[in-house]
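J.: Take a look at this one; I'll ask things after.
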Amino acid sequence: MRPQADASNQNVQTALPGNQRSHFISQTGARFALFGLIVNVLLATAKIFAGAIGHAYVLIADGIESALDVGGSIVIWGGLTVAARPPDRTHPYGHGKAEPIAAVVVAAGVVAAAVGLAIQSVREIFLPHHTPAPWTLAVLVVAIIVKEILFRYVIRFGRKMESTAVKTDAWHHRIDAMTSAAAFIGISLALIGGKNWQSADNWAALVACALIAANGIRLARPAFYEIMDTAPGGKIVGPIRAVASSVPGVVEVEKCHARKMGFDYYVDLHVGVDGNISVHDGHQIAHRVKAAIQQSDSRVADVLVHIEPAGNM
């Protein structure tokens, strides 16, 4: 089982209407999450077993972090599945907020895991140690390679589709690769330094915990921004204003607000028209503005157009 990130297929899918596009992103993102879950189960089992047999606590800690990634993948999968549901009576704007909520839950889990592992690492520093077995390094090398490859696959899709949850899942893989790299350094120091460096793997575990916590906080920020309806900025608002201004009958565009809801954007804008035209003509202009914006960007699920007399806005 291997996730496929076919660029041409994604280019076609981004041109789909809102509901079909959301379904495509959800289904593809869920497949990435499922694949990541399987990989995390295998790696977590291998790391914990190897760490216990090879007397490498940092490898056990790394394995526990991979095991927590399993829960993260399940949360991401669930969030993407719920986010793809169409609007209903109780959720007229859809279920898109489930995606950033899932990302926040995963990020919080990452920070909590970092704190727990850090506490245990400090305790282990003051306990008697065995020198880690050299072969445990091979387990870490395999883990680093697998996780970095998986990160590159998933982050490419997440960035292309602007999915907060998928990007969070991708960085989960990168964090795991980073903690494995820290574990590799710690075990190497313990092996090279001898008896006086036997606790190096525990110190490496502390470094790994700091990396995990820092990335957990970094992952939570964009999800919180999306939940709080933070403006997406000029990357989408600028082109929308330009398209609206080009519609015949539009004299000016003043206010233009957009917010991200799951995989889609919802837009509100104020359009100025000739104050002497009829209500019917103004209504037709509003329809043309909405159609032009949605045709120019398939990410826009809906547009609310306020028609006002130009010069009075």
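J.: Filter region 129-155 down to residues that are at pLDDT below 85 and over 15 Å from ILE48 (Cα atoms) and give me whichever is most open to solvent (accessible area, probe 1.4 Å). It would help to see each step written out before you state the result.
T.: The first filter runs over region 129-155 and keeps only residues at pLDDT below 85, leaving 129-133.
Keeping just the survivors that are over 15 Å from ILE48 (Cα atoms) gives 129-131.
Numbers: HIS129: 46, HIS130: 120, THR131: 59 Å².
Going through the qualifying residues, I end up with HIS130.
J.: Next up: Here are some conditions: (1) open to solvent by 40 Å² or more (accessible area, probe 1.4 Å); (2) within 28 Å of the chain's Cα centre (by Cα); (3) modelled with pLDDT under 90. SER298 meets all but one. Which one does it not meet?
T.: Of (1) open to solvent by 40 Å² or more (accessible area, probe 1.4 Å); (2) within 28 Å of the chain's Cα centre (by Cα); (3) modelled with pLDDT under 90, only one is false for SER298: (1).
J.: Could I ask something else about it? Would you be able to say whether some residue in region 3-20 is aliphatic (A, V, I, L, M), open to solvent by less than 10 Å² (accessible area, probe 1.4 Å), assigned to a helix (DSSP H, G or I) and modelled with pLDDT under 75? Don't jump to the end; show me each part of the working.
T.: From region 3-20, those aliphatic (A, V, I, L, M) are 5, 7, 12, 15-16; that's our starting set.
Filter once more, keeping what is open to solvent by less than 10 Å² (accessible area, probe 1.4 Å): none.
So far as region 3-20 goes, no, none of its residues is aliphatic (A, V, I, L, M), open to solvent by less than 10 Å² (accessible area, probe 1.4 Å), assigned to a helix (DSSP H, G or I) and modelled with pLDDT under 75.
J.: Test of understanding: among GLY29, GLY63, which residue is crowded, with 24+ Cβ neighbours inside 10 Å, more than 13 Å from the chain's Cα centre (by Cα) and in a helix (DSSP H, G or I)?
T.: Details: GLY29 fails: more than 13 Å from the chain's Cα centre (by Cα).
Exactly one of GLY29, GLY63 is crowded, with 24+ Cβ neighbours inside 10 Å, more than 13 Å from the chain's Cα centre (by Cα) and in a helix (DSSP H, G or I), namely GLY63.
J.: Can you tell me which residue among HIS270, HIS280, HIS257 is modelled with pLDDT of 90 or more, over 21 Å from PRO86 (Cβ atoms), open to solvent by 30 Å² or more (accessible area, probe 1.4 Å) and in a strand (DSSP E or B)? Before you say what the answer is, go through the steps one by one.
T.: Numbers: HIS280 fails: in a strand (DSSP E or B); HIS257 fails: modelled with pLDDT of 90 or more.
Step by step, each of HIS270, HIS280, HIS257 is checked, and only HIS270 is modelled with pLDDT of 90 or more, over 21 Å from PRO86 (Cβ atoms), open to solvent by 30 Å² or more (accessible area, probe 1.4 Å) and in a strand (DSSP E or B).
J.: Considering LEU206, LEU211, which residue is assigned to a helix (DSSP H, G or I), at pLDDT 80 or above and open to solvent by 30 Å² or more (accessible area, probe 1.4 Å)? Step through it out loud before you land on a result.
T.: Working: LEU211 fails: at pLDDT 80 or above.
Selected residue: LEU206, the only one of LEU206, LEU211 that is assigned to a helix (DSSP H, G or I), at pLDDT 80 or above and open to solvent by 30 Å² or more (accessible area, probe 1.4 Å).
J.: Ok, one more. Among the residues of region 156-190, which ones are within 15 Å of GLU99 (Cα to Cα), among the charged types (D, E, K, R), open to solvent by 10 Å² or more (accessible area, probe 1.4 Å) and in a helix (DSSP H, G or I)?
T.: Matches in region 156-190: ARG159, LYS167.
J.: Looking at region 273-313, which of the residues that are free of Cβ contacts under 8 Å to residues at least 24 places away in the same chain and of a type in the set (Gly, Ala, Ser) is farthest from LYS255 (Cα to Cα)?
T.: SER278
The values are calculated or read from the model by the stated rules, or taken from the named source; none is laboratory data. All figures in this text were calculated on a predicted structure; none of them were measured in a lab. Because the Cβ atoms are built from the backbone with ideal geometry, glycine has one as well, and the counts that use them run over all protein chains shown. Note: areas computed on protein heavy atoms with side chains; ligands, DNA, RNA excluded. Shrake-Rupley method; radii C 1.70, N 1.55, O 1.52, S 1.80 Å.
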